[in-house]
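The values are calculated or read from the model by the stated rules, or taken from the named source; none is laboratory data. Just so you know, these numbers come straight off a predicted model, no measurement behind them. When we count neighbours, we look across all protein chains shown, and the Cβ atoms used for this are built from the backbone with ideal geometry, even at glycine.
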Amino acid sequence: MNELPNPMLPLSPAHLPRGSLHRPDQVGPDAARRGVMVSWARHADEIREAQRLRFEVFATEMGARLDTWLPSHDIDVFDDYCEHLLVRDEETRRVIGTYRVLTPMQALRVGSTYSDTEFDLTRLRGLRERMVELGRSCVHPDHRHGGVILALWGALAEFMVRNKLDTMIGCASIPMLREGTVSGHAAASIWNKVSRTHLAPIEYQVRPRLPLPVEQLDGTLDGEPPALIKGYLRLGAKVLGPPAWDPDFNSADLPMMMRIADLPPRYSKHFLGAAKP
């Protein structure tokens, strides 16, 4: 296996390699009960496993058009700068869930976050020193149950607490490909619904660079947000503004922010109680 080449700069001496922000890989008791193993990628081979899962979900399942130099892998410029969180099936050792995490210093090195390419994040500039970006989250279709997501979130909480980070942002996708047709009506309806209950204060609101034209769509449809977005909202996340349109991924992307201080008490106890150094 090839060691990852990029030095890990944020929150640690510059000479430490990628992975220096993590404890040795462990399977926590909660993860073990769910039959999964959680770890951070330390080798390029492990990132390739995550990129293959991403391709399977985004391209094969969702119909995304991916510009990638390696067939059957979802790869972009941000991958080399991110930490990659993996969940494996305990029996098969196959990667069944993943997140990538861009830390503040690595965002400076690459020049932006992925979210910056979709939204004007000027109003978040005061948060950036302690803000990470979560992205490319996906779970294999055979394992979309709460256990995998909880395992991912538990590892993220431990990472945030140990490295003294307090804010997470990201683009939460609403698929627009339905029965072979791309339509924004459901996304507009979800935006109308969540904006009434979970919109961030004006000082944190952002603007999409390519807005989904919600005013021209039917925003009155019944329907629930995707499970991941509902999970974020239960954890106290806020929607930062109207969705951007991502034509390559056939999705409408909601800008979202979750702050450690906003976790409801029961989730704070569950995740942060086990995450303290």
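Scanning segment 53-73 for residues that are assigned to a loop (DSSP other than H, G, I, E, B), within 16 Å of Ser173 (Cα to Cα) and without any contact (Cβ under 8 Å) to a residue 40 or more places away in the chain returns no hits. The residues in segment 245-256 that are more than 15 Å from Arg196 (Cβ to Cβ) and buried (at least 23 other Cβ atoms within 10 Å of the Cβ) can be counted, and the count is 5. I'm checking my understanding of the structure. Among residues of segment 239-256 that are of a type in the set (Asp, Glu) and closer than 24 Å to Arg125 by Cβ, which one is nearest to the chain's Cα centre (by Cα)? Once the filter is applied, the top-ranked residue is Asp253.
The set of residues in segment 239-248 that are modelled with pLDDT of 95 or more and assigned to a loop (DSSP other than H, G, I, E, B) comprises Leu240, Gly241, Pro242, Pro243.
Determine whether segment 105-112 contains at least one residue that is closer than 28 Å to Leu212 by Cβ, without any contact (Cβ under 8 Å) to a residue 60 or more places away in the chain and over 17 Å from the mean Cα position of the chain (by Cα). The answer is yes; a qualifying residue exists.
Residue check: is Ala261 over 28 Å from Arg125 (Cβ atoms), of a type outside the set (S, T, N, Q) and assigned to a helix (DSSP H, G or I)? Against the criterion (over 28 Å from Arg125 (Cβ atoms), of a type outside the set (S, T, N, Q) and assigned to a helix (DSSP H, G or I)), Ala261 does not qualify. In segment 182-217, what count of residues is obtained for those that are basic (Lys, Arg), exposed (fewer than 13 other Cβ atoms within 10 Å of the Cβ) and within 14 Å of Val239 (Cα to Cα)? Residues that pass the stated criteria total 1. Residues of segment 102-120 that are in contact with a helix residue (DSSP H, G or I) (Cβ under 7 Å, 6 or more places away or on another chain) and surrounded by fewer than 22 Cβ atoms within 10 Å (Cβ to Cβ): Pro104, Arg109, Val110.
Selection of segment 142-158 for residues being crowded, with 21+ Cβ neighbours inside 10 Å and more than 26 Å from Ala244 (Cα to Cα) yields Val148, Ala151, Ala155, Ala157, Glu158.
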